[in-house]
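Here the structure comes first, spelled out in structure tokens, and everything after it is commentary.
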């Protein structure tokens with residue numbers, strides 16, 4: 001997004017380049033443009049409560065701000081002891097004002113949410129307070145102008161009156177400074193680890209409908225510059241959705257990685273398609289006849305809740321005539337006779353019958369499968385790549401069962417969805433082989449389950465060919481890591497040989513001991529050879545791993561823990577698995593998994609420059625911490641109880657029953673019966 005000139009948005013951030021920040025201890029003061037040197041401000045804490053003045057005789061005095069009692073205040077002959085004493089005895093002095101230099105006992109709650117904590121000392125610090133304020137602005141997505149709101153100022157005056165509230169421009173600089181600090185820490189970690197990374201991309205759109213990046217070539221250039229800036233060139237995979245511009249992006253990145261010499265396996269597995277996006281496209285194809293927005297999960301949630309209130313809907317029609325009239329006139333606006341009780345397609349609309357509710361339950365069961373599957377693959381706190389092929393095979397089986405369903409509507413929807421399924425996952429030569437390799441690296445699957453699932457999806461002839469290709473690709477990938485490990489071992493210095501070998505040898509008594517010592521050295525070299533070659537005897541690490549029995553499947557199985565425990569047995573294979581399991585199978589955040597639309601910036605971020613937007617989004621992700629989950633159901637239960645109490649106290653106004661019924665029926669019928 002190109003901007004000309006500069007402006008200051010309502011959020012308070014300037015669109016000019018971010019200036020160098022001053023020290024965290026800075027306090028904003030008016031700048032004197034004159035060349036005269038300013039007088040040094042008093043540093044003693046008591047001067048916050050006294051005003052300087054000169055009496056009629058020309059003597060320097062200080063007057064208490066609260067009781068106006070004067071004290072001698074000559075810098076050469078008078079100290080501040082008398083003023084400090086007065087602060088403790090002044091009858092009008094605000095006793096709740098805390099000396100910021102004094103340590104106080106503070107109780108820190110537990111970070112896990114438990115009802116316990118630790119006792120520590122606390123001391124007010126302006127710099128730390130400003131840093132915490134910047135973190136709050138970033139993490140909670142508050143506008144910079146929040147610090148200038150009257151409510152916040154009043155809150156700070158009551159809680160911590162010593163805190164000097166910075167302006168919104170200063171907060172902007174603090175946030176950007178925090179971004180630069182966190183960025184340097186991450187770059188240091190990457191430089192030391194030199195990891196192989198898996199990328200995902202996503203585009204943002206402002207509320208003015210302007211994409212920040214929209215062309216595939218531009219996106220590739222942006223990714224390239226980002227990788228160079230962060231010192232990352234070992235890219236393993238790039239996960240994107242199915243937009244045509246993303247195909248161009250991956251092709252351009254393929255060329256760039258090849259130029260860098262880091263495009264392993266000739267980039268055959270570089271392009272990974274977002275599973276959540278494909279899954280949404282499949283569901284959307286099945287719901288064409290239903291007027292549903294992009295977030296089809298809302299339809300599922302509404303129908304799932306409504307099915308439990310069948311009797312309530314039936315009884316409501318007897319108590320509220322307006323609700324019944326609404327049902328009978330629904331959809332008749334387009335007809336000549338406003339009293340007709342049919343919608344555009346001629347279907348009669350009246351009180352929902354048992355058949356209607358049966359259809360509702362069938363639709364809920366139908367959508368529930370895809371809802372649960374989307375939630376499962378869109379997780380961000382656990383490994384998902386090992387379930388990629390498993391979930392595809394499961395979806396294939398579900399669609400086959402639905403196409404054999406006696407319900408004509410569900411059968412038709414399943415057939416439409418199956419056509420979209422075949423477009424993305426029905427042609428083996430177009431599928432990324434990492435989909436299957438990541439599942440084989442799950443010790444619960446190996447080559448016992450994956451070939452079975454492949455044959456079930458593609459029939460035996462095509463399935464057997466695909467299994468053979470997957471095994472060959474996996475073996476070739478493992479050989480790459482073996483060579484990489486062998487090259488790394490060449491740079492490891494061998495044990496130094498003593499310069500006085502003759503004395504060492506002569507110290508060994510007898511010829512037999514000398515021969516044994518030579519054999520021991522040869523044995524060590526052989527063990528080292530096996531380690532760098534990834535083999536033990538005639539079998540490699542990969543072959544030994546596949547030859548072992550599969551692990552029993554259980555809900556509490558931790559694949560990362562299993563590989564951590566077994567890494568000493570499969571050191572090279574574990575290195576390969578580390579990269580394979582890190583592949584993200586979706587390119588969107590979990591909260592966006594049900595949407596096929598783009599991500600839109602809120603009004604606050606849309607008013608900022610791309611540079612500021614980038615810094616805020618990045619540092620927010622780095623700072624956010626979810627140490628314990630939020631129980632939404634518990635919160636809803638509490639709110640419902642609170643609402644009942646408020647109603648009982650007459651604090652909550654109720655909606656008219658007729659209006660409530662009409663709104664509910666409109667939302668429900670628009671989805672189900674239209």
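Residue under question is residue 155, and the condition is that it be at pLDDT 90 or above and touching a helix residue (DSSP H, G or I) at 6+ places or on another chain (Cβ under 9 Å); does it hold? Walk me through how you get there before you give the answer.
On the way: at pLDDT 90 or above: yes; touching a helix residue (DSSP H, G or I) at 6+ places or on another chain (Cβ under 9 Å): no.
So residue 155 fails the test.
From the list 406, 412, the one residue that fits, being over 23 Å from residue 583 (Cβ atoms) and not in a helix (DSSP H, G or I), is 406. Among the residues making up segment 43-59, those that are closer than 12 Å to residue 79 by Cα and touching a strand residue (DSSP E or B) at 6+ places or on another chain (Cβ under 9 Å) are 46, 47. Determine, yes or no, whether residue 285 is at pLDDT below 90, touching a helix residue (DSSP H, G or I) at 6+ places or on another chain (Cβ under 7 Å) and assigned by TED's automatic domain parsing to the domain that holds residue 396. Considered against the rule, which asks whether it is at pLDDT below 90, touching a helix residue (DSSP H, G or I) at 6+ places or on another chain (Cβ under 7 Å) and assigned by TED's automatic domain parsing to the domain that holds residue 396, residue 285 comes out as yes. Just for segment 253-270: of the residues that are assigned to a helix (DSSP H, G or I) and touching a residue at least 24 places away in the same chain (Cβ under 8 Å), which one is nearest to residue 470 (Cα to Cα)? So, considering only residues that are assigned to a helix (DSSP H, G or I) and touching a residue at least 24 places away in the same chain (Cβ under 8 Å), the one nearest to residue 470 (Cα to Cα) is 265. In segment 430-453, the condition of being more than 31 Å from the chain's Cα centre (by Cα) and more than 24 Å from residue 554 (Cβ to Cβ) is met by no residue.
Among the residues making up segment 532-542, those that are touching a helix residue (DSSP H, G or I) at 6+ places or on another chain (Cβ under 9 Å) and either modelled with pLDDT of 70 or more or at positive phi (or both) are 534, 537, 539, 540, 541, 542.
Within segment 84-112, the residues that satisfy the criterion of being surrounded by 12 or more Cβ atoms within 10 Å (Cβ to Cβ), modelled with pLDDT of 80 or more and under 23 Å from residue 157 (Cβ atoms) are 87, 90, 93. Does segment 370-390 hold any residues that are over 16 Å from residue 425 (Cβ atoms) and in a helix (DSSP H, G or I), and which are they? Matches in segment 370-390: 371, 372, 375, 376, 386.
Counting only residues that are assigned to a helix (DSSP H, G or I), surrounded by 15 or more Cβ atoms within 10 Å (Cβ to Cβ) and either more than 41 Å from the chain's Cα centre (by Cα) or modelled with pLDDT under 85 (or both), segment 302-328 holds 8 of them.
Could we say that residue 188 is buried (at least 16 other Cβ atoms within 10 Å of the Cβ), closer than 30 Å to residue 575 by Cα and not assigned by TED's automatic domain parsing to the domain that holds residue 575 here? In short, no. Against the conditions (1) crowded, with 16+ Cβ neighbours inside 10 Å; (2) modelled with pLDDT under 90, residue 194 satisfies every one except (1). With the requirement that a residue be out of contact with any helix residue (DSSP H, G or I) (no Cβ under 9 Å at 6 or more places or on another chain) and surrounded by 12 or more Cβ atoms within 10 Å (Cβ to Cβ), what does segment 61-83 give you? Of everything in segment 61-83, those that are out of contact with any helix residue (DSSP H, G or I) (no Cβ under 9 Å at 6 or more places or on another chain) and surrounded by 12 or more Cβ atoms within 10 Å (Cβ to Cβ) turn out to be 61, 63, 66, 70, 78, 79, 82. Within segment 199-252, restricting attention to residues that are modelled with pLDDT under 85 and assigned to a strand (DSSP E or B), the residue that is surrounded by the fewest Cβ atoms within 10 Å (Cβ to Cβ) is 211. Take residue 161 and decide whether it is more than 19 Å from residue 609 (Cα to Cα), part of a loop (DSSP other than H, G, I, E, B) and out of contact with any helix residue (DSSP H, G or I) (no Cβ under 9 Å at 6 or more places or on another chain). So residue 161 passes the test.
Going through (1) modelled with pLDDT of 60 or more; (2) out of contact with any helix residue (DSSP H, G or I) (no Cβ under 6 Å at 6 or more places or on another chain); (3) more than 30 Å from residue 141 (Cα to Cα) one by one, residue 582 falls short only on (3).
The values are calculated or read from the model by the stated rules, or taken from the named source; none is laboratory data. Everything quoted here is computed from the prediction, not taken from an experiment. With ideal geometry, Cβ positions are generated from the backbone for all residues, glycine too; neighbour counts draw on all protein chains shown.
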